[in-house]
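Every number here is computed from the coordinates shown, using simple stated rules; none is lab data. Source: prediction; values computed, not measured. Methodologically, a virtual Cβ is constructed for each residue, glycine included, from the backbone with ideal geometry; neighbour enumeration extends over all protein chains shown.
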Amino acid sequence: YPFRLEPKDGTMVLDWEPLIRSLVAGLTAGSSVAVLAARFHNTLAEMIVAVAGRQGVPQIALSGGCFQNRYLTERVVRRLIEAGYSPHWHQRVPPNDGGIALGQIMAAAQRKE
């Protein structure tokens, strides 16, 4: 699906409108939910790669409840590697609220270095 990544107030903003319009058009046209879901998740992966490209850092950390979705996680990791990034994702600690405290500790420790 199409999307836009635009600079705004010193940051990058993802414009979801083109994606949502395309998704609704697919639903209206009777596309299968499985196809729409796959395209949606593939687009999320492309959004993440696009944002990574604007940040200029080689290592990308993936966290949050959406990364409990195995398809999304595997797709994002694969696309980041293909784009030349080093992705890091949860493998022993849950990516959802269960891992927040550990992530906060790690972020604080890195700031001290």
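Measuring between their Cα centroids, the stretch 1-41 and the stretch 67-103 lie 21 Å from each other.
Farthest toward the positive end of the dipole of the stretch 4-112, out of TRP16, PRO95, ALA52, is the Cα of PRO95, where the dipole comes from beta carbon charges about the Cα centre. Per DSSP helix of 4 or more residues, -39500 (n - 2.57); summed, then divided by the residues of the chain. What does that give at 222 nm, rounded to the nearest 500? It lands at -17500 deg cm²/dmol. Each other residue within a Cβ distance under 12 Å of VAL13 adds +1 if Lys or Arg and -1 if Asp or Glu, for a net charge of -1. The structure-derived value of Kirkwood radius over Cα pairs in Å appears in the list (i) 18.1; (ii) 15.7; (iii) 13.6 under the label (ii).
For the stretch 6-113, relative contact order (Cα pairs under 8 Å, six or more residues apart, normalised by length) works out to 22 percent. In terms of packing, defined here as the mean over residues of other Cβ atoms within 10 angstrom, the peptides 86-93, 10-17 line up highest first as 86-93, 10-17.
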